[in-house]
Amino acid sequence: MRANDLDCGLLSDVFSFTMIQEYAAVQLGLELGTYTHFIGSAHVNDTNAGRVKKVLNEADVRRHPQHFPFPAMPAGTNAGTITRLLELEELMRTNKVQYRAEDIARLDVDAYWQQVVLLFEVYRQIEHDETDTVSRDVLDALHPGLRWLLRHRWPACATTGAEQ
């Protein structure tokens, strides 16, 4: 990379590039390798400095970092899988459907990808429902690491979920 905003760009790039790497490995039937991210120039925009300081302060006080191993992308993931996820995302982003956790568990997508659909439902509830919290069944169905991240991003919305 030529340059990365450490608060936004880096996070998005690393997630996107590692997801592409994992998808490519699955498609080619290869073992997942390592990822190295090179940056020519790293920066923090003034408008994000407060948020970056908050993250750094949290890292200073957290003595035991959280570790949530996440399963590998299923070998059966293909272009049809991605198309199906995009269809579900649009329906939920535009509030044309809403799901309970049990509905998502019955969808025609692997359990790995159901976690993504659960996150779409979290977003739908935050954006479209007139509620202060995300439904407990959806929160409880999320992978513990995703629940932890959600609690740190939208603490008020995640107070009804199982604590992890």
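Can you work out the PRE-style zone for residue 44? Point 7 Å along Cα to Cβ, and I want the residues of the range 1-35 with backbone N under 12 Å.
Answer for this model: 6-8.
What's the center-to-center distance, using Cα atoms, between the range 81-157 and the range 1-54 in Å?
What the calculation gives is 23 Å, centre to centre.
Residue farthest toward the positive end of the dipole of the range 1-76, with Cβ of Lys/Arg at +1 and Asp/Glu at -1: which of 19, 35, 65?
So the residue we want is 65.
Tell me the Kirkwood hydrodynamic radius of the range 1-65 in angstroms, computed as one over the mean inverse distance between distinct C-alpha pairs.
Value: 13.9 Å, from the Cα pair sum.
Of 82, 56, 105, whose Cα points farthest to the positive end of the dipole of the range 51-106 (charges on the beta-carbon: +1 Lys, Arg; -1 Asp, Glu; origin at the Cα centre)?
Looking along the dipole axis, the top candidate is 56.
Taking θ as phi - 60°, what are the ³J(HN,Hα) couplings along the range 112-122 by the Karplus curve (6.51, -1.76, 1.60), each to the nearest whole Hz, with x for Gly and Pro?
So the J values, rounded to whole Hz, are 4, 6, 4, 4, 5, 5, 4, 5, 4, 5, 4.
Can you tell me the dipole magnitude for the chain around its Cα centre, using point charges on the Cβ only (Lys, Arg +1; Asp, Glu -1), in Debye to the nearest 20? Walk me through the intermediate numbers first.
Working: 16 positive and 23 negative charges, 83 e Å.
So the magnitude is around 400 debye.
Counting residues in the chain as N, plug N into 2.2 N^0.38 Å and put the Cα Rg over that result.
1.15
Values in this text are rule-based calculations from the coordinates and carry no lab data. Just so it is clear, the model here is predicted, and its values are computed rather than measured. Don't worry about glycine lacking a Cβ; one is built from the backbone with ideal geometry, like all the others, and counts go over all protein chains shown.
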